[in-house]
Amino acid sequence: MIRAVLFDLFETLITESQAPPTRASLLGETLGLNGEAFRAEWKARRPRVVLGQLSFGEALTEISKALTGFVDASAVQRACDQRTREKAIAFSEIDDDVAALIGELRGMGLGLAVVSNCFAEDVRAWSTWPLARQFQYSIFSYAAGVAKPDPAIYLRATRGLGVEPETTVFIGDGGDDELVGAEQAGLRAFRALWFLRRWGHLGSSNGHGVGLADRQDVLTLVAAG
């Protein structure tokens, strides 16, 4: 019997496809740095930002110092503010099918949680999203110090909901090997296809995990237990 559903956030509950934010790896020129050198330095630091070991601003500051010995603090702050603004756009809209799905799952008495790999800037607008209050638990990697696909992040969410992994399913678009990690934690994992199919540039719907095309697929899954 399924007692809870864990959801990925970006491209599962909300989509950035219509207003893609600036990729952090492309901020080099904005900071007055060599683009290629910046990308290499950013790639080395990104995992620490996702885990909250280094803030986004601290990472940009470190890179600036490493490459030029100089930090334009105003440019770093502008980059942080820009990411916050751009990431907030996706929270300003609610997909009707997603809203209906979440309402129906809550009506069935299921526990709901969000599990997301993100920077602090990425989810500053989370509490403003009208559907956020429908989730009893949320775990964001930068705050938790653990990220998908580490099984620990899923297990922390199941504990937060008071359910066992074997009674829980995880649904996500498949990024960061999240479906593999969920299965390693003892959950059943499924690939959310609704945004992937709607916006072809997001990537192929082929990949690990059984695909769920729409909200009816999710409801059928839950009903079958």
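The values are calculated or read from the model by the stated rules, or taken from the named source; none is laboratory data. In this text the structure is predicted, and so the values were computed from the model without any measurement. Don't worry about glycine lacking a Cβ; one is built from the backbone with ideal geometry, like all the others, and counts go over all protein chains shown.
Summary table
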quantity	calculated
Matching residues in region 48-74 - criterion: being free of Cβ contacts under 8 Å to residues at least 60 places away in the same chain and under 17 Å from F119 (Cβ atoms)	R48, L54, G57, E58, A59, L60, T61, E62, I63
Residue within region 86-93 that is part of a strand (DSSP E or B) and either without any contact (Cβ under 8 Å) to a residue 40 or more places away in the chain or aliphatic (A, V, I, L, M) (or both) present	no
Residue match in region 43-52 (condition: assigned by TED's automatic domain parsing to the domain that holds F195, touching a Ser or Thr at 6+ places or on another chain (Cβ under 8 Å), closer than 30 Å to E164 by Cβ and not in a helix (DSSP H, G or I))	no
Where V76 falls short, out of the listed (1) buried (at least 21 other Cβ atoms within 10 Å of the Cβ); (2) over 19 Å from the mean Cα position of the chain (by Cα); (3) at positive phi	(3)
